[in-house]
1. Show me the ranking of peptides 136-148, 25-37 by mean Cβ neighbours inside 10 Å, starting with the highest.
2. Scan around residue 79 for amide H atoms under 5 Å from its own, H built in the peptide plane at 1.01 Å from N, and keep only partners 5 or more places away or cross-chain.
3. Under the Karplus relation 6.51 cos²θ - 1.76 cosθ + 1.60, θ = phi - 60°, what is the ordered set of whole-Hz ³J(HN,Hα) values for region 138-154, x standing for Gly and Pro?
4. I want to verify the translational diffusion coefficient of region 15-154 in µm²/s; compute it with Stokes-Einstein, Rh as the Kirkwood radius over Cα pairs, at 25 °C and 0.890 mPa s.
5. Where the accessible area of region 29-162 is counted over protein heavy atoms with a 1.4 Å probe, how much of it, in %, is carbon and sulfur?
6. What residues qualify as long-range amide H neighbours of residue 104, i.e. H under 5 Å apart, gap of 5 or more or another chain, H built at 1.01 Å from N?
Amino acid sequence: MGYMIEVNADGEREAARQEIAALIRKASEAGRLISESEIHQETTGHYLIPSTRPDGAEVIGNILKKLVEGNEDLHNLKAPDGSRDYYSSTFMTEAYARILSLRRGGPRQLIAEIVRQNSAFYPRPVPLDTFSHPPFNLTPREVLDELEQMRAKEEYFDIASTTTSSPRVFLYSTQYLDADHAAMLAEWLDVGQFENP
């Protein structure tokens, strides 16, 4: 009798694993991340994890850990608030998933982090109009409003701009690029590389 209960428990855990993997993949296919709390809500809504179970969040956490370890396409990212977001690399790249995760922190944080990452790792400035296109989808007015508010906040004092001869505005971080280097890189990206193939 005890054996049958254990088989049932294993079967239920496997069903929960399959359902959670499907939730992550479905969200990614739709172009969005899914948070651990959303997964918890969905699975308790489908009665895979009883809502009365006091360790339901822990059970979900353990299942997610095993899914990420056991499936090459399933990954997690730490969200701006410290929670975890999940995605499937079958449907989105890590870079795209990181942008979606940063968007959850609001447009100001998104702009600042994208500019800092590009300045630090590539190194290159970012065209201002980049933020008006997918996956950012901010209006030009929203971008300008956010930049105006950033100028007044100390944590964003490193975000600066340079204008090319075209004229096109590029953003960079003074933590990683000095003004002359940023201006030269922006000019090359905007004009030079097309005039000198």
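1. Details: 136-148: 14.5, 25-37: 17.0.
Going by the mean number of other Cβ atoms within 10 Å, highest first, we get 25-37, 136-148.
2. Those lying under 5 Å, H to H, from residue 79 are 84, 85.
3. 8, 6, x, 5, 4, 4, 5, 4, 5, 4, 4, 5, 5, 4, 8, 10, 4
4. Numbers: Rh = 16.6 Å.
For the chosen part, D equals 148 µm²/s.
5. Values: 3650 of 7610 Å².
It is 48 percent, rounded to a whole number.
6. Correct list: empty.
The values are calculated or read from the model by the stated rules, or taken from the named source; none is laboratory data. A quick note: this is a predicted structure, and the numbers were derived from the prediction, not measured. Neighbour counts are summed over all protein chains in view; Cβ atoms, including those assigned to glycine, are modelled from backbone coordinates with ideal geometry. Areas reflect the complete protein model, heavy atoms only, side chains present, ligands, DNA and RNA absent. Shrake-Rupley method; radii C 1.70, N 1.55, O 1.52, S 1.80 Å.
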